[in-house]
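*Asks:* Handing you a structure now.
The values are calculated or read from the model by the stated rules, or taken from the named source; none is laboratory data. This one's a predicted model, so the numbers in the text were calculated from it and none came from an experiment. Every residue, glycine as well, gets a Cβ built from its backbone with ideal geometry; the counts of neighbours run over all protein chains shown. Side chains included, ligands, DNA and RNA excluded: accessible areas come from the protein's heavy atoms. Shrake-Rupley method; radii C 1.70, N 1.55, O 1.52, S 1.80 Å.
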Amino acid sequence: MLKILAVEKIEEPLEESQPEPVKEQKPLIEEFYYPKYGPGELWEMVLEKCLMKGATIIKNSPVTNIKFKDNKIVSVTTNNIEYKGDIIISTMPIKDLINGLEGNKEVNKNIKNIANGLPYRDFVTIGLLVKKLKIKNKTKIKTINNIIPDNWIYVQDESVKLLRIQIFNNWSPYMVKNNDKYVWIGAEYTCSELDDFWNMKDNELKDFAAKELEKIGIFSQNDVVDYHVEKIKKAYPSYFDTYKDINKVIKYLNKFDNLYCIGRNGQHRYNNMDHSMMTAFEATDNIINKIREKNNIWNVNTEKVYHEKK
């Protein structure tokens, strides 16, 4: 694990009516440990340890039916194979979980409507390998090849669709081959899987992002030497539409004694990775100690001191 400096630039002006800072506000950390080859390395190690302990991992297998009896989930079906289990831990979107329950026949209609109305934003990240950046490092922070030290840069320019820029070199220099010559930029966009942007071809997305990054002065399109596109559905749970009634869904799900909802999608909460993992730790403690109450799991990251305000 690498211990690195976290730099995140936010250049949004303060509003005149902004209240005084809350005392004892928890600050954003300035240093943290980061896997050498990115966060995927962490989960590869988790997978390896699970397999060593005898776990069976079934990939690319959407859940199509979840059977329950009385107050327990009794089985999960995927690829037309039914798997019975004593304990069910769900990280799937709440919408999909509710729709999967016993073919959705016995679920209260109001609960279905709330779950199906929970909104999401889908995510597209376009990685662009470039020869050099136009923007210069004017800080005292030392970097390889003296590139700007930012991990993320939020984009406030309303003339572009781009929301945020990642610089992968600054997360870990091992993530970029020949990092003294090239910079991996991640251009981040939110959208809906039904809209035109989501359905653009990879090469079209590359051209779109490169054009926008050149427009705001990050680099020249002519310096792009490679690219990679990733699309993630339901990446960002949102807090509007039927979200105001989500407690009714939580109450309904909590009636299943052996069901534990964790993670960002499992709780429909815009958690970071740390808080998502904390919901898993809390669920594990409850299972081991045979604690039926689940409020501690749902209450992770509800403290106001963690939340940003305008």
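*Asks:* Condition first: closer than 30 Å to Tyr37 by Cα, touching a residue at least 24 places away in the same chain (Cβ under 8 Å), open to solvent by less than 50 Å² (accessible area, probe 1.4 Å) and part of a helix (DSSP H, G or I). Can you find one or more residues in the stretch 253-260 that meet it? Talk me through it step by step, then tell me what you get.
*Replies:* Step one: filter the stretch 253-260 for residues closer than 30 Å to Tyr37 by Cα, giving none.
No, every residue in the stretch 253-260 fails to be closer than 30 Å to Tyr37 by Cα, touching a residue at least 24 places away in the same chain (Cβ under 8 Å), open to solvent by less than 50 Å² (accessible area, probe 1.4 Å) and part of a helix (DSSP H, G or I).
*Asks:* Could you tell me which residue of the stretch 261-307 is least open to solvent (accessible area, probe 1.4 Å), considering only residues that are of a type in the set (Ser, Thr, Tyr) and not in a loop (DSSP other than H, G, I, E, B)? Steps first, answer last, please.
*Replies:* Quick first cut of the stretch 261-307, residues of a type in the set (Ser, Thr, Tyr) only: 270, 276, 279, 284, 302, 306.
Checking which are not in a loop (DSSP other than H, G, I, E, B) leaves us with 276, 279, 284, 306.
On the way: Ser276: 25, Thr279: 0, Thr284: 64, Tyr306: 107 Å².
Checking each candidate, the answer is Thr279.
*Asks:* Quick check on the stretch 120-138. Is at least one of its residues open to solvent by less than 20 Å² (accessible area, probe 1.4 Å), within 30 Å of Ser90 (Cβ to Cβ) and out of contact with any Gly (no Cβ under 9 Å at 6 or more places or on another chain)?
*Replies:* Yes: the stretch 120-138 contains one or more residues that are open to solvent by less than 20 Å² (accessible area, probe 1.4 Å), within 30 Å of Ser90 (Cβ to Cβ) and out of contact with any Gly (no Cβ under 9 Å at 6 or more places or on another chain).
*Asks:* Pairs, please: C-beta under 6 Å, at least 6 apart or cross-chain, first residue closer than 13 Å to Gly38 by Cβ and in the stretch 172-186, second part of a loop (DSSP other than H, G, I, E, B) and open to solvent by less than 10 Å² (accessible area, probe 1.4 Å)?
*Replies:* So the pair list comes out as Met175/Gly38; Trp184/Val176.
*Asks:* For the stretch 68-113: of the residues being of a type in the set (Gly, Ala, Ser) and outside any loop (DSSP other than H, G, I, E, B), which is most open to solvent (accessible area, probe 1.4 Å)?
*Replies:* In the first step, residues of the stretch 68-113 are kept if they are of a type in the set (Gly, Ala, Ser); the result is 75, 85, 90, 100, 103.
With the extra rule that they be outside any loop (DSSP other than H, G, I, E, B), the set shrinks to 75, 90, 100, 103.
Numbers: Ser75: 1, Ser90: 7, Gly100: 5, Gly103: 48 Å².
Top of the filtered list is Gly103.
*Asks:* Let me ask another. Just give me the residues in the stretch 199-215 being surrounded by fewer than 17 Cβ atoms within 10 Å (Cβ to Cβ) and either touching a Cys at 6+ places or on another chain (Cβ under 7 Å) or not in a loop (DSSP other than H, G, I, E, B) (or both), in sequence order.
*Replies:* Within the stretch 199-215, Asp202, Asn203, Glu204, Asp207, Lys211, Glu214, Lys215 qualify.
*Asks:* Right, next: Among the hydrophobic types (A, V, I, L, M, F, W, C) and either under 20 Å from Ile216 (Cα atoms) or modelled with pLDDT of 95 or more (or both): is that true of Ile147 in this structure? Walk me through it before giving the result.
*Replies:* Numbers: among the hydrophobic types (A, V, I, L, M, F, W, C): yes; either under 20 Å from Ile216 (Cα atoms) or modelled with pLDDT of 95 or more (or both): yes.
So Ile147 passes the test.
*Asks:* Here is a follow-up. From Ile246, Ile232, Ile185, grab the single residue that is β-branched (Val, Ile, Thr) and surrounded by fewer than 17 Cβ atoms within 10 Å (Cβ to Cβ). Steps first, answer last, please.
*Replies:* Details: Ile246 fails: surrounded by fewer than 17 Cβ atoms within 10 Å (Cβ to Cβ); Ile185 fails: surrounded by fewer than 17 Cβ atoms within 10 Å (Cβ to Cβ).
Step by step, each of Ile246, Ile232, Ile185 is checked, and only Ile232 is β-branched (Val, Ile, Thr) and surrounded by fewer than 17 Cβ atoms within 10 Å (Cβ to Cβ).
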